[in-house]
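**Q** One structure coming up, written as structure tokens, with questions to follow.
The values are calculated or read from the model by the stated rules, or taken from the named source; none is laboratory data. Computed from a predicted model, the values in this text were never measured in an experiment. Here Cβ is always computed from backbone atoms with ideal geometry, including for glycine, and neighbour counts include all displayed protein chains. Just the protein is used for accessible areas: all its heavy atoms, side chains included, with ligands, DNA and RNA removed. Shrake-Rupley method; radii C 1.70, N 1.55, O 1.52, S 1.80 Å.
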Amino acid sequence: MKNYTKENYKKNGYIISENLISETEIKLLRNQLDKEFSEYDRSKGFTLEIDEIKNKELAGSLIKIINSEKIQKICKELEDLCKKPVSLLPAFHVHKNYHVNLKEVHGWHRDCGGELSFDYCKQKLYQKNYLFSKVGIYLQSNTDFGGGIDIINKTHKNFTPLKTIIRKILNIPFRIITFIHKYFVNLYYIIPENFFMFLMNAKKIYANKGSAIFFDSRLIHRGSPISKKKFKDVKFYTGEYKAKLPKEFDKYVIYLHFGNTEAVDSYMYYKFKTKGDKELKLWVEQINLISKYDTNLSKKMYSIISPIIAKYKNHIIKK
């Protein structure tokens, strides 16, 4: 089964694209991004939104990459899977050296975790045509210094009211490891990470440098952590998801969302309940920016979120 087919997404919860950019292009992007981050206010963290990138040529290059023919091929596969219109979506940002410190957190999570607190969202998450993904384009290989993604196999499945108990039973190893990390972190740290990966039926994804990974928001995953044996070579920032690495291992990931209107409705419901209108306003601002570079992509994005804008129009109209 090829990694870039809808069958792989349905079965395993993720799709890996073919290479999107060449080694030469990757080096150029990394150099350009390094310059962007060097000028950035570090108090905001190691994240840049697309509208914060000062180099307009770089912003245009990033938008061109995300809407490339190979990405569109996967979009079509997933549209066929859910039988609903879909699109790439904001928030569109770049992370640099965004890492979990295994001495503080294990990093495993579902992107839809907050939505599971609301019955309205669960009704959406349980639908067969639900489709909402994070898309990560990784500008390095996955090594002992991280750089990619780990997933727990098939944890995107069993999202129906009748199968909830099955999902919870299958998640028992994950809950045990969470308990160990929370209450016996020193023990967790000395046990090889491969043991925990085996116990949870997890695996590290080794995608080619410059390829994209689409992964279901219900899939338990984490950014591949820096190996415990490499901790002596890095500096973690206490209480923050970032680290200073040897420069040749700097981690750059281009992130955005992907999905259909029904799934976005669930996501925005959760966001409005917890953080108000900030997220939807950001999406609208970013789509307006993208329209200056790629009108077809911006129109596709608007076609997906227009019902959401109408639903919350009183919140996003500028006064």
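**Q** Are any of the residues in region 217-226 assigned to a helix (DSSP H, G or I), in contact with a helix residue (DSSP H, G or I) (Cβ under 9 Å, 6 or more places away or on another chain) and on the phi < 0 side of the Ramachandran plot?
**A** There is no residue in region 217-226 that is assigned to a helix (DSSP H, G or I), in contact with a helix residue (DSSP H, G or I) (Cβ under 9 Å, 6 or more places away or on another chain) and on the phi < 0 side of the Ramachandran plot.
**Q** Tell me which residues, restricted to region 114-151, are farther than 28 Å from Asp250 by Cβ, part of a loop (DSSP other than H, G, I, E, B) and not aliphatic (A, V, I, L, M).
**A** Once the filter is applied, which keeps residues that are farther than 28 Å from Asp250 by Cβ, part of a loop (DSSP other than H, G, I, E, B) and not aliphatic (A, V, I, L, M), region 114-151 yields Gly114, Phe118, Tyr126, Gln127, Lys128, Asn129, Tyr130.
Here's the yes/no breakdown for (1) of a type in the set (A, V, I, L, M); (2) surrounded by fewer than 19 Cβ atoms within 10 Å (Cβ to Cβ); (3) part of a strand (DSSP E or B):
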| residue | (1), (2), (3) |
| --- | --- |
| Ile254 | yes, no, yes |
| Lys273 | no, yes, no |
| Trp283 | no, no, no |
| Ile287 | yes, no, no |
| Ser298 | no, no, no |
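**Q** Could you please tell me which pairs satisfy a Cβ distance under 8 Å, a separation of 6+ or placement on different chains, a first residue in region 143-172 that is among the acidic types (Asp, Glu), and a second residue that is part of a helix (DSSP H, G or I)?
**A** Listed by first residue and then by second, the contacts come to Asp144/Lys229; Asp144/Lys230; Asp150/Met197.
**Q** Continuing with the same structure: How many residues does region 3-37 contain that are without any contact (Cβ under 8 Å) to a residue 60 or more places away in the chain and charged (D, E, K, R)?
**A** Total satisfying the criteria: 4.
**Q** Consider Lys103 carefully, then state whether it is assigned to a loop (DSSP other than H, G, I, E, B) and not β-branched (Val, Ile, Thr).
**A** For Lys103, the condition - assigned to a loop (DSSP other than H, G, I, E, B) and not β-branched (Val, Ile, Thr) - is met.
Condition check ((1) hydrophobic (A, V, I, L, M, F, W, C); (2) open to solvent by 30 Å² or more (accessible area, probe 1.4 Å)) across all residues:
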| residue | (1), (2) |
| --- | --- |
| Lys154 | no, yes |
| Ile165 | yes, yes |
| His181 | no, no |
| Met197 | yes, no |
| Met200 | yes, no |
| Ala207 | yes, no |
| Tyr237 | no, yes |
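**Q** If you go through region 284-302 one residue at a time, do you hit one that is in contact (Cβ under 8 Å) with a residue 60 or more places away in the chain and closer than 23 Å to Gly113 by Cα?
**A** For region 284-302, residues in contact (Cβ under 8 Å) with a residue 60 or more places away in the chain and closer than 23 Å to Gly113 by Cα: absent.
**Q** Mind counting the residues in region 68-100 that are more than 27 Å from Lys124 (Cα to Cα), open to solvent by 20 Å² or more (accessible area, probe 1.4 Å) and not in a helix (DSSP H, G or I)?
**A** Qualifying residue count, region 68-100: 3.
**Q** Then there's this: Quick check: anything in region 242-252 buried (at least 17 other Cβ atoms within 10 Å of the Cβ), closer than 19 Å to Glu115 by Cα and among the acidic types (Asp, Glu)?
**A** No, region 242-252 has no match at all.
**Q** Hey, could you check region 33-50 for residues that are outside any strand (DSSP E or B) and buried (at least 16 other Cβ atoms within 10 Å of the Cβ) and say which is modelled with the lowest pLDDT?
**A** Tyr40
**Q** Regarding region 231-242, can at least one residue be identified that is within 30 Å of Gly13 (Cα to Cα), outside any loop (DSSP other than H, G, I, E, B) and either at pLDDT 95 or above or not basic (Lys, Arg) (or both)?
**A** no
**Q** Next question, about the same structure. Return the total of residues in region 95-111 being within 27 Å of Ser266 (Cα to Cα) and in contact with a helix residue (DSSP H, G or I) (Cβ under 6 Å, 6 or more places away or on another chain).
**A** 1
**Q** Return the residues of region 245-270 that are of a type in the set (D, E, K, R) and under 16 Å from the mean Cα position of the chain (by Cα); say none if nothing qualifies.
**A** Lys251
**Q** Note down all Cβ pairs under 8 Å where the first residue falls in region 63-76 and is of a type in the set (Phe, Trp, Tyr), the second is open to solvent by 20 Å² or more (accessible area, probe 1.4 Å), and they're at least six residues apart or on different chains.
**A** none
**Q** Taking region 51-67 as the search range and keeping residues that are part of a loop (DSSP other than H, G, I, E, B) and of a type outside the set (S, T, N, Q), which one is nearest to Glu18 (Cα to Cα)?
**A** Among residues in region 51-67 that are part of a loop (DSSP other than H, G, I, E, B) and of a type outside the set (S, T, N, Q), the one nearest to Glu18 (Cα to Cα) is Ile53.
**Q** On to the next question. What are the residues in region 186-219 that are hydrophobic (A, V, I, L, M, F, W, C) and within 11 Å of the chain's Cα centre (by Cα), if any?
**A** Ala212, Ile213, Phe214, Phe215, Leu219
**Q** When Ile172 is evaluated against the numbered criteria (1) open to solvent by 60 Å² or more (accessible area, probe 1.4 Å); (2) under 30 Å from Ala310 (Cβ atoms), which criterion, by number, is the only one it fails?
**A** Going through (1) open to solvent by 60 Å² or more (accessible area, probe 1.4 Å); (2) under 30 Å from Ala310 (Cβ atoms) one by one, Ile172 breaks only (2).
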